[in-house]
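Engineer: Provided herewith is a single structure, encoded as structure tokens, for subsequent inquiry.
Bear in mind these aren't lab numbers, they're just calculated from the coordinates by the rules spelled out. Values in this document were obtained by computation on a predicted structure and should not be read as measured data. Here Cβ is always computed from backbone atoms with ideal geometry, including for glycine, and neighbour counts include all displayed protein chains.
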Ligand SMILES: [Zn+2]
């Protein structure tokens, strides 16, 4: 066991947003075999990301926007919590699912024209372990997608819009795809996915005032 590092007095709050439940009964996606519930999975992954950050970095203070598995937190309340925490970055963590069980890999979303969000989201996607890495770059969370029946483009924006800070949404692989589901349950892949998220978060100070791109 090693102790968490002592936080610097000016440590920058980063909000980790474990996706779902945002209303009663909202479990998020469930794998076809019933072994994965998104709301549970996102919480355990967010906790692991927070733990890694606490162990390795004194300049970033992780703040969870949901603490317990059975806690229902509306999207609006999550926005209030990230604001109250003074978060400079919000990372919303979800698990993907589709009626098309061939869809696979990770996706990332950022707010249109938010370059810090785009770069951090891409850094996370690029650092993902090969078996679940996506060929896609981070996608802008669009207001009016050209294809109105594509709900999946509207949903990220709904999740992100309550946060005043730069917000990104990371969709972990598809619970609906057999290979992805196997990866989602693999402890080594889980650790690697959390490390990928940490890799992106650690770039944040570069984009703040006084940073390389700030
Ligand atoms: Zn979700």
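Engineer: Restricting to DSSP H runs of at least four residues, report the calculated mean residue ellipticity at 222 nm for the chain, -39500 (n - 2.57) per run over all residues, nearest 500 deg cm²/dmol.
Structural biologist: -11000 deg cm²/dmol
Engineer: Top mean-square fluctuation among 202, 89, 125, Gaussian network model of the chain, C-alpha springs under 10 Å?
Structural biologist: Answer for the Gaussian network model of the chain: 202.
Engineer: By count of other Cβ within 10 Å, fewest leading, how are 119, 8 ordered?
Structural biologist: 8, 119
Engineer: Provide the convex hull volume over Cα atoms per residue for the range 1-115, in Å³.
Structural biologist: Convex hull volume per residue, Cα atoms: 151 Å³.
Engineer: Hey, in the GNM for the chain with a 10 angstrom Cα cutoff, which one of 68, 47, 81 fluctuates hardest?
Structural biologist: Of 68, 47, 81, the most mobile in the Gaussian network model is 68.
Engineer: Right, something else. Running a GNM on the chain with Cα contacts under 10 Å, which residue among 98, 134, 82 ends up with the highest mean-square fluctuation?
Structural biologist: Maximum among the listed residues: 98.
Engineer: What full-extension length gain, to one decimal in nm, is calculated for residue 182 and residue 56 as 0.36 nm per residue of separation minus the Cα-Cα distance?
Structural biologist: Residue separation times 0.36 nm, minus the Cα-Cα distance, leaves 42.5 nm.
Engineer: Along Cα→Cβ, 7 Å out, is where each label goes; now give me the distance between the ones at residue 115 and residue 27 in nm to one decimal.
Structural biologist: 4.4
Engineer: Any chance you could get the radius of gyration and Dmax over the Cα atoms of the chain, in Å?
Structural biologist: Cα radius of gyration and Dmax of the chain are 16.2, 51 Å respectively.
Engineer: Using the alpha-carbon atoms, what tilt in degrees (0 to 90, nearest 10) does helix 151-160 show relative to the longest principal axis of the chain?
Structural biologist: Orientation of helix 151-160: about 20 degrees from the principal axis.
Engineer: Next question. Return the ratio Rg/(2.2 N^0.38 Å) for the range 47-136, where Rg is computed over Cα atoms only.
Structural biologist: 1.23
Engineer: Stretch residue 199-residue 161 to full length: gain in nm at 0.36 nm per residue minus the Cα-Cα span?
Structural biologist: 11.3 nm
Engineer: Give the separation of the Cα centroids, the range 1-31 to the range 47-90, in Å.
Structural biologist: The range 1-31 and the range 47-90 have Cα centres separated by 4 Å.
Engineer: Give me 23, 135, 88, 182 sorted ascending by neighbouring Cβ count inside 10 Å, so fewest comes first.
Structural biologist: 135, 23, 182, 88
Engineer: Next question, about the same structure. Say a paramagnetic label sat at a point 7 Å from the Cα of residue 47, along Cα to Cβ; which residues of the range 55-97 have their backbone N under 18 Å from it?
Structural biologist: 55, 62-73, 93-95
Engineer: Measuring from label point to label point, each 7 Å out along Cα→Cβ, what is the residue 80 to residue 68 span in nm?
Structural biologist: 1.8
Engineer: When 193, 1 are ordered from fewest to most other Cβ atoms inside 10 Å of their Cβ, what list results?
Structural biologist: Least to most surrounded, the residues fall as 1, 193.
Engineer: Please report, in whole Å³, the volume per residue of the convex hull around the C-alpha atoms of the range 33-88.
Structural biologist: Convex hull of Cα atoms, per residue: 93 Å³.
Engineer: Which FRET efficiency value, to the nearest 0.05, do you get for residue 208 and residue 5 by plugging their Cβ-Cβ distance into 1/(1 + (r/R0)^6) with R0 = 22 Å?
Structural biologist: Once rounded, the FRET efficiency stands at 0.65.
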